Every structure is written in structure tokens, then in C-alpha cells.
Amino acid sequence: MHRLKTRAQFQAAMAGGTVSRTAHFALHRLALAAAAAPAGPDPAPQAQESQALFGVGGNGPGPWLGAMVPKRWARRAVTRNAIKRQIYAVAAGFEPRMPQAAHVVRLRAAFDRKHFVSATSDALKRAVRAELEQLFATAERRGAHAMRVGAAP
């Protein structure tokens, strides 16, 4: 799995739209065209630019992933880093089933510090992991449903 690194990559992936949400997270996805696929009659310049962001550097096919954990929702750096580690670990488990696309997992609400006093508590890690698994499973179901609907005559 490739990681998003630049601001432009994050912005392009988030512009692709939200495919799944939970109480604390949102998953954004930008579908990437296969390198060998024809571009069509006259693809939009904006689409070409966003595709070019993910084809540079000789990277092979596969999903791209970025994690956004703003200070607004996780004040302490240790909490932000722990959440990002959970995002990448859960995504690695879903990687074989993820489409070739750019994904951004965004923290969109704070975890209550009254329930999770320690930034690296096992309870917080379990809660984050469970919610991320739900997020990716929902996105996977929606992706499979969209493929079935699109394949119907």
C-alpha cells in the first residue's frame, strides 16, 4: 500500500467523495484509472491532474492511503500518533480487498477524554480499531454493491 505524502494528494483524494462514515471517522476515496486503460475521448483536465499525482515515481498499482488526525480532535501528539498507527494497521488488513484508489481516513470527532484518560490506553486502542474495522467494512460492502449495480445490464 502506498502512502499519501503531499497536500495535493490529500486534497485530490478528499475531493473524490466520502464513501463511509462512523461516529468518529470518515473515509474519502478517489478512484484511480488503471495505467493501461484508455483515457477516453477527452478526459477532464482536473481528472488528469489528480491521476498524475498518484502515477509519479514508478509506483505500481494498488491502493493509496493517508490519515488525517487534526489537533482539533486529538490535542496530544501521542494520541494523534496512536490513532494514525491504528489506521495504517487496520488498512493493511483490508489492503487485498481495497480497490485501486486513493483513500483518506479522517478523524472527524474527538474521543471523550473522560472515558479514555490515557492517550495510549488499551481501551482507546480497542475503540479506535473497532470503529476503523467498521469503517473499512462498510466501504468494502458499498464498493462491492456499486460494482454489482454497475455490471448489471
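Derivation of every value follows stated rules applied to the coordinates shown; laboratory data play no part. Bear in mind that the values here come from a model prediction, so they are computed numbers and not experimental data. Glycine gets a Cβ as well: all are built from the backbone with ideal geometry, and neighbour counts include every protein chain shown.
What is the gain in length, in nm to one decimal, between A77 and A123 on full extension, counting 0.36 nm per residue of separation less the C-alpha to C-alpha distance? Numbers along the way, then the final one.
Working: separation 46, 0.36 × 46 = 16.56 nm, distance 1.79 nm.
Here the segment from A77 to A123 would lengthen by 14.8 nm.
Could you pull out every residue, at least 5 positions away or on a different chain, whose amide H is within less than 5 Å of the one on S20? Hs are placed 1.01 Å off N in the peptide plane, and Pro or chain starts have none.
The answer is L27.
What residues of the stretch 118-135 lie in the reach of a label at A23, counting those whose backbone N is under 13 Å from a point 7 Å from the Cα along Cα→Cβ?
124, 127-132
Of the peptides 5-15, 63-73, how do they stack up when ordered by the mean number of other Cβ atoms within 10 Å, highest first?
Ranking, from highest mean packing down: 63-73, 5-15.
Considering amide H positions built from the backbone, and no H for Pro or chain starts, which residues 5 or more places from A101, or on another chain, come under 5 Å of its amide H?
Residues meeting the amide H criterion: L32, W64.
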